[in-house]
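Each value in this text was obtained by applying a stated rule to the coordinates, not by laboratory testing. Computed from a prediction, not measured in an experiment: that's the story for all the values here. A quick note on method: Cβ atoms are made from the backbone with ideal geometry, for glycine too, and the neighbour counts reach across all protein chains shown.
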Amino acid sequence: MRIIAGEFRGRRLAAVGKGDPGAHLRPTTDRVREALFNMLDGGRFGAPFDGTRVLDLFAGTGALGLEALSRGAAFVTFVEKGRVGQQLIRENLKILDCADRARLIGADALRLPRAEAQADLVFLDPPYGKGMGEKALTAARAAGWIAPEALIVWEESAPQVAPEGFALLEHRKYGDTTVTLLEAV
């Protein structure tokens, strides 16, 4: 895995190795990440990374949040419960020397602590088909993590319905991944 664009463009991230099947560690492929970020960066979403605070739920390796940092996000909070994922995020922050612009919360995305600041951009990449995405969004909103009009980028195996308090913007399909874009209302 590598960073696609921005400050860290071309830098390789820590090798996932065998990953963590028990924790459903399934990194977003470079190809899907590139298509996703090009779509976000080009057009109707303006400049969603410039100075933005980002929340990366079910962060895994941290690749989505790190890509946002590379493209100009001010700060990323990574939420990852799995020990393998936490270690990969720590390694990646060290590789990119950007730990001063990030925080790792080793917690379940369904049981978040109170937010110190709201996020304008939220990446949500729960284990596919387990119904955890909506619960994580509800938990994040209740704990004060989601700013009004925040953009939510939700990866799943199928299109998702907008939960209460969110408006559906669009769905995009990339191979076996469907990205549902929502806005907090």
### Task
Please report, in Å, the Rg and the Dmax of the stretch 145-185, where both are computed over Cα atoms only.
10.2, 31
### Query
For the stretch 32-184, with only Lys/Arg (+1) and Asp/Glu (-1) charged at the beta-carbon, what is the dipole magnitude about the Cα centre, in debye rounded to 20?
380 debye
### Summary
So the FRET efficiency between residue 130 and residue 38, C-beta based with R0 = 35 Å and rounded to 0.05, is 0.80
### Sites residue 157 and residue 111 - FRET efficiency at Förster radius 22 Å, r taken between beta-carbons, to 0.05
0.40
### Query
residue 172 versus residue 90, label points 7 Å from Cα toward the beta carbon: distance in nm?
3.3 nm
### Query
Between the DSSP loop rule and a limit of at most 13 other Cβ atoms within 10 Å, which GluC sites (Glu not before Pro) in the stretch 95-166 are left?
116, 164
### Message
Using a 7 Å offset from the Cα along the Cα-to-Cβ direction at both residue 2 and residue 142, what is the distance between the two label points in nm, to one decimal?
### Response
4.3 nm
### Task
At a temperature of 10 °C and a viscosity of 1.306 mPa s, determine how fast the chain diffuses translationally according to Stokes-Einstein, using the Kirkwood radius over alpha-carbon pairs as Rh; express D in µm²/s, rounded to the nearest whole number.
99 µm²/s
### Task
Counting other beta carbons within 10 Å of each Cβ, put 152, 146, 4 in order, fewest first.
4, 146, 152
### Query
Between residue 183 and residue 11, what length in nm is gained on full extension when 0.36 nm per residue of separation is reduced by their alpha carbon distance?
58.8 nm
